[in-house]
């Protein structure tokens, strides 16, 4: 899958997620990042060639670094042609970009995930598998 095609997929996934937010009467993406990741992981698995799509995230000294401060946040990571990528359709909570879809080693933002077992437990507590 080309990076251009993947970018279009992530753009489409974000537009679908925004429709879900609107239908749920939520006001924007703030606080919806874990929900977006559950949706995005399923989208990546079903409609793209991304392999090993995983929900990542954390708080405290992990999450996403914005203006020198760690912000609790969730996003997805996966492999594209053997290269790790980051996918984030709710980054607009923190920066002006509507979404992130790029190789991990080219990111301008710094992402750091907490322990995977803790993240997986958060997903389960929300009622998802």
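Laboratory data are not the source of any read-out in this text; all were calculated from the coordinates shown. If you're wondering where the values come from, they're calculated on a predicted model, not measured in any experiment. Ideal geometry is used to build each Cβ from the backbone, glycine not excepted, and the neighbour counts take in all protein chains shown.
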Approximate spin-label separation residue 47-residue 22, in nm, with each point projected 7 Å along Cα-to-Cβ: 1.6
Segments 33-39, 69-75 sorted - mean Cβ within 10 Å per residue, highest first: 33-39, 69-75
DSSP-defined beta bridges in the range 3-125 - what % are antiparallel, rounded to 5: 100
Residues of the range 17-45 with amide N under 19 Å of the 7 Å Cα→Cβ point at residue 8: 17, 43-45
Contour minus Cα-Cα distance for residue 124 and residue 15 (0.36 nm per residue): 36.7 nm
Contact order relative to length of the chain, as percent, for alpha carbon pairs under 8 angstrom and 6 or more apart: 24
Where N is the number of residues in the chain, Cα Rg divided by 2.2 N^0.38 Å: 0.98
Protection proxy ranking of 44-57, 87-100 - average other beta-carbon atoms within 10 Å, highest first: 87-100, 44-57
Gain upon complete extension [residue 67, residue 108; 0.36 nm per residue less C-alpha separation]: 13.6 nm
Relative contact order %, the range 43-86, counting alpha carbon pairs below 8 Å whose residues are six or more apart: 35
